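Student: I am attaching a structure below and will ask some questions about it afterwards.
The values are calculated or read from the model by the stated rules, or taken from the named source; none is laboratory data. These numbers come from a predicted model, not from an experiment. Note: ideal-geometry Cβ built from the backbone for every residue, glycine included; neighbour counts use all protein chains shown.
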Amino acid sequence: MQYTKRLEVVPIWPEGMLEGKSGALPEQETLLPSYISPEPVKLVRNVSQPTLLAYLPDPAIANGSAVLICPGGCFAFLPIEIEGEAVAHWLNERGVAVFILKYRLSPTTANDNEFIQQFMQIVHDEKRMKAQVPVGIIDGKQAFKVLRERAHEWGIDPERIGVLGFSGGGVISLALATQYDAQSRPGFAASLYSPIWQALTVPEDAPPLFIALAGDDVSITDGNLPLYSAWKAANRPVELHLYTRGGHAFGMQKQGLTSDYWIEQFGAWLRVEGFLKRDSDK
């Protein structure tokens with residue numbers, strides 16, 4: 001199915017709410033070469049004005065559910081295709097509306113060659129990542145608020161909006177799944193190979209949680225097993241997929257491994273939880 005329609009870019013903050021920083025670099029795209037990644041990966045960098053990219057399914061199959069996607073990227077870049085657009089197309093084909101969040105990132109050099117040379121240093125700079133986390137969470141909460149308030153414009157049920165985060169974006173996803181009030185609770189949450197940097201308090205009405213990661217992503221695995229246990233201890237619905245191999249940031253890339261099928265398993269989970277059904281099918 002090729003219907004997928006991309007709407008205009010949707011700003012998440014009211015005009016004038018975020019003042020542009022003097023000397024802020026313009027948002028840009030960079031292609032990460034195959035000698036760093038298994039295949040070339042398109043990255044979005046230097047986001048200073050957060051926005052949503054909206055993808056809507058064919059109205060004939062739309063089921064009223066929506067997913068806010070938060071790509072990863074160490075809070076310095078966003079793998080917008082493998083952790084965003086490709087996921088959006090897959091979900092659109094199953095009737096789900098998708099909104100990809102481009103949240104604010106720490107600045108990186110405008111020169112692509114210099115950025116690529118600095119890439120490994122950036123991805124291992126945990127101090128830099130953690131400094132940007134609060135800003136990302138603020139943007140994630142605001143984006144969810146916008147989706148709730150404007151749901152009718154996109155034919156979405158406000159109670160059927162969930163959040164899916166990859167790596168650093170999973171930090172945002174888990175924040176939304178644990179820090180909410182009655183108006184901001186997600187219908188469901190998903191975390192893909194997310195670092196767990198602090199203990200999370202699981203609310204008694206926490207949304208259903210889907211977790212997926214690879215066992216050879218050791219530092220990530222160590223935090224996600226306790227995450228699963230915490231959700232389980234709170235007697236809240238949780239599903240964990242721990243693949244033998246896959247590494248970190250596999251997204252929608254195909255590696256000939258069982259981790260390639262996470263999206264099908266996520267879709268099956270959404271169906272069981274009722275988010276791929278129309279209200280008339282319940």
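Student: Can you tell me which residue within the range 178-208, out of those that are in contact with a helix residue (DSSP H, G or I) (Cβ under 7 Å, 6 or more places away or on another chain) and not in a loop (DSSP other than H, G, I, E, B), is surrounded by the most Cβ atoms within 10 Å (Cβ to Cβ)?
Tutor: In this case the residue turns out to be Leu192.
To keep it simple, each residue is scored yes or no on (1) in contact with a Cys (Cβ under 8 Å, 6 or more places away or on another chain); (2) more than 22 Å from Arg160 (Cβ to Cβ); (3) modelled with pLDDT under 95.
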position: Ser65; (1), (2), (3): no, no, no
position: Phe75; (1), (2), (3): no, yes, no
position: Pro79; (1), (2), (3): no, yes, no
position: Val87; (1), (2), (3): no, no, no
position: Gly95; (1), (2), (3): no, no, no
position: Val98; (1), (2), (3): no, no, no
position: Asp125; (1), (2), (3): yes, yes, no
position: Arg128; (1), (2), (3): yes, yes, no
position: Pro134; (1), (2), (3): no, yes, no
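Student: When you check Ile211 against the structure, is it touching a His at 6+ places or on another chain (Cβ under 8 Å) and outside any loop (DSSP other than H, G, I, E, B), yes or no? Break it down stepwise before answering.
Tutor: Numbers: touching a His at 6+ places or on another chain (Cβ under 8 Å): yes; outside any loop (DSSP other than H, G, I, E, B): yes.
Judged against the criteria, Ile211 is a match.
Student: If you take the residues in the range 72-90 that are acidic (Asp, Glu) and out of contact with any Gly (no Cβ under 6 Å at 6 or more places or on another chain), which one is farthest from Ala131 (Cα to Cα)?
Tutor: Among those that are acidic (Asp, Glu) and out of contact with any Gly (no Cβ under 6 Å at 6 or more places or on another chain), it is Glu85.
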